[in-house]
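J.: Mind having a look at this structure? Questions to follow.
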Amino acid sequence: MNLLQTLEQETLARRTRDDADVRPGDTVRVHVRITEGERSRVQIFEGAVIRIKNGGPRTTITVRKVSSGVGVERVFPTASPNIEKIEVTARHKVRRAKLHFLRNRRGKSARLKPMRDFKRKK
């Protein structure tokens, strides 16, 4: 077993993010620990999941939001110790695994159809 596989096994044993059932099209709130100097705080990034790249402990999710008219995308490694938690606030009906087409959409055409039977966990 090489060094990379050993590190992945340790990471997987230490921290898994399987409790958060995240899918493309979900609106999520990602609580990220930010360290500024000696102080640390939790910053919330809320947006739509446009991509999930599965890879065991290297799994990442890409979250997109529009802030002040500018699209902002951020990639979060799900097994990172800097991720406090991932909350799913809404679930939408999508027919694609990757929602990169949302980058070119503005206004009403960028909306996704919500699922009726989604119950938010508290």
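J.: Go through LYS53/LYS85; LYS53/LYS98; LYS65/LYS113; LYS85/LYS113; LYS85/LYS108; LYS85/LYS119 and tell me which ones have a Cα-Cα distance over 20 Å in this structure. The partial results should precede the final answer.
T.: Numbers: LYS53/LYS85 18 Å; LYS53/LYS98 9 Å; LYS65/LYS113 17 Å; LYS85/LYS113 25 Å; LYS85/LYS108 30 Å; LYS85/LYS119 18 Å.
The answer is LYS85/LYS113; LYS85/LYS108.
J.: Compute the distribution of all C-alpha to C-alpha distances in the stretch 20-105, in bins of 5 Å from 0, and list the percent of pairs in each, rounded to whole numbers.
T.: Whole-percent P(r) values from 0 Å outward: 3, 14, 24, 25, 18, 10, 4, 1, 0.
J.: Using a basic spin-label model with each label point 7 Å from the Cα along Cα→Cβ, how many nm lie between GLU38 and SER67?
T.: The answer from the label model is 2.8 nm.
J.: Which whole-Hz ³J(HN,Hα) couplings does the stretch 84-96 yield from phi under the Karplus relation 6.51 cos²θ - 1.76 cosθ + 1.60, θ = phi - 60°, glycine and proline marked x?
T.: Calculated HN-Hα couplings, in order: 6, 6, 10, 9, 8, 8, 8, 10, 10, 7, 10, 10, 10 Hz.
J.: Next question, about the same structure. Going by alpha carbons, how many degrees (0 to 90, nearest 10) lie between the helix axis of 3-14 and the longest principal axis of the chain?
T.: For helix 3-14, the angle is close to 70 degrees.
J.: Expressed as a whole number of Å, what is the distance separating the alpha-carbon centroids of the stretch 20-58 and the stretch 71-112?
T.: Going from one Cα centre to the other spans 10 Å.
J.: Moving to a separate point now. Could you go through the stretch 38-55 in sequence order and give the Karplus-derived ³J(HN,Hα) for each residue, using 6.51 cos²θ - 1.76 cosθ + 1.60 with θ = phi - 60°, rounded to whole Hz, and x for Gly and Pro?
T.: Running phi through 6.51 cos²θ - 1.76 cosθ + 1.60 with θ = phi - 60° gives 9, 8, 9, 9, 10, 10, 9, 10, 10, x, 9, 6, 9, 7, 10, 10, 7, x Hz.
J.: Same structure again: With the crude spin-label approximation of a point 7 Å out along Cα→Cβ, what separation in nm comes out for ASN82 versus ASN2?
T.: Distance between the two pseudo-spin positions: 2.6 nm.
Since every read-out is calculated from the coordinates, none of them should be taken as a lab result. The structure displayed is predicted, hence computed values, not measured ones. Using ideal geometry, Cβ is built from the backbone for each residue, glycine included, and neighbour counts are taken over all protein chains shown.
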